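Here is the structure we will look at, set down as structure tokens.
The values are calculated or read from the model by the stated rules, or taken from the named source; none is laboratory data. Because the structure is a prediction, the values reported are computed rather than measured. Heads up, the Cβs are rebuilt from the backbone with ideal geometry, glycines too, and the neighbour counts pull from every protein chain shown.
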Amino acid sequence: MLPRSLTFSSTTRNPIWHFAIDATPRESWHCLRRRWTKMLGIQSNSKVTGKSWLILALALATVMGGLPPQAKAKKKRPKGEQIVVPPTVTFDASKIVWPSPPEIPRVEFRAILLGQKIDWSALQTPAKPHRTWMDRLAGIEPNQQIMNLRQKIGFQLMRPYGVAVDSDGNIYVADQGVGAIFIFPESLKGPVQLIKNRIDAPLPMICGLAIDDDGRIFVTDDKLHHVLVINKQHQPIAEFGAGVLVSPAGIAIDKENRLLYVVDTQQDQVLVFDADTYKLLRRIGTAGKNHTLTSPGNFSLPDGVA
């Protein structure tokens with residue numbers, strides 16, 4: 001601990017000076033200097049004598065001498081002493097289930113999906129070759145490998161939203177950040193395919209996904225205000241709901257009754273379409289915020305459906 005007070009003697013008119021120093025880390029040297037000069041009776045604009053400076057130096061040396069040894073130097077570890085490492089807990093991820101025993105488990109952990117495989121060698125980009133003025137005039141790129149760097153590194157999940165599974169067990173994930181639909185194989189070991197915005201289909205703000213037994217993918221888009229239908233070959237074949245949907249979000253399909261349920265967040269409704277003719281059949285909920293949420297079937301900003 002630093003001393004809370006210091007006492008100095010002098011041969012001048014004042015025989016003894018006694019003043020307190022709040023030795024806190026926040027105080028700087030300039031702050032201590034102002035306090036000491038004030039306590040010593042030295043004006044800020046007056047000439048400081050040699051004796052006063054000597055007293056200030058002695059006070060500083062006394063304060064520094066009162067520091068504990070731990071503050072001056074790091075404590076050395078004795079030779080032969082072992083570093084204590086906290087124990088690690090290992091577990092088999094393949095045995096993770098929910099809920100935990102003794103309850104009957106209903107969900108089993110399979111894997112963590114992150115995105116496409118990263119080609120780390122693609123990060124080692126060679127230097128750009130020299131370009132002549134004719135190359136610049138013709139618009140020739142200096143290195144095609146640099147242009148395809150993102151393709152080689154692979155796309156990773158950024159903001160996943162909708163998830164669906166087809167009849168073959170493949171997992172489809174709609175990602176608004178990437179602007180694509182990730183397709184993970186059922187084995188979770190093969191390559192990850194992408195249905196990309198502006199390349200394969202218009203997907204500016206994809207939200208929900210639903211897949212029927214024929215492999216058709218129903219995609220809701222909040223920006224285009226419709227439902228896009230993509231076939232098994234990942235080609236858009238139809239779209240519907242542009243005149244009735246405002247903010248489509250979650251989507252689910254009743255494969256047995258061939259019904260498609262689309263959530264509209266802004267309308268506070270769930271719209272039911274025919275999955276084959278795409279005709280609007282009915283609405284569930286009261287639209288226009290004209291409800292008090294006291295009667296069954298009314299929603300407030302619904303988002304998902306299953």
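In the range 107-123, the residue that is surrounded by the most Cβ atoms within 10 Å (Cβ to Cβ) out of those that are within 20 Å of the chain's Cα centre (by Cα) and of a type in the set (V, I, T) is I118.
Considering only residues in the range 200-220 that are in contact (Cβ under 8 Å) with a residue 24 or more places away in the chain and either over 20 Å from A249 (Cα atoms) or in contact with a Cys (Cβ under 7 Å, 6 or more places away or on another chain) (or both), the one that is surrounded by the most Cβ atoms within 10 Å (Cβ to Cβ) turns out to be T220. For the range 151-202, residues that are assigned to a helix (DSSP H, G or I) and basic (K, R) total 1.
Taking the numbered list (1) in the same structural domain as V163 (by TED's automatic domain parsing); (2) in contact with a strand residue (DSSP E or B) (Cβ under 8 Å, 6 or more places away or on another chain) in turn, D303 passes all entries but (1).
Scanning the range 268-294 for residues being under 12 Å from G241 (Cα atoms), exposed (fewer than 15 other Cβ atoms within 10 Å of the Cβ) and not hydroxyl-bearing (S, T, Y) gives a total of 3. Here S247 clears all of (1) surrounded by fewer than 13 Cβ atoms within 10 Å (Cβ to Cβ); (2) more than 26 Å from Q156 (Cα to Cα); (3) among the polar types (S, T, N, Q) except the condition numbered (1). Scanning the range 295-306 for residues that are surrounded by fewer than 11 Cβ atoms within 10 Å (Cβ to Cβ) and in contact (Cβ under 8 Å) with a residue 40 or more places away in the chain gives a single hit, A306.
Rundown of residues vs (1) modelled with pLDDT under 95; (2) in a strand (DSSP E or B); (3) over 19 Å from D213 (Cβ atoms), yes/no style:
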| site | (1), (2), (3) |
| --- | --- |
| A249 | no, yes, yes |
| I253 | no, yes, no |
| Q267 | yes, no, yes |
| Y278 | no, no, no |
| R282 | no, yes, yes |
| K289 | yes, no, yes |
| T292 | yes, no, yes |
| S295 | yes, no, yes |
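If you check I83, I146, I104, I153, which single one turns out to be hydrophobic (A, V, I, L, M, F, W, C), surrounded by 10 or more Cβ atoms within 10 Å (Cβ to Cβ) and modelled with pLDDT of 65 or more?
I153
All conditions in (1) surrounded by fewer than 18 Cβ atoms within 10 Å (Cβ to Cβ); (2) in contact with a strand residue (DSSP E or B) (Cβ under 8 Å, 6 or more places away or on another chain); (3) at negative phi hold for N197, with the sole exception of (1).
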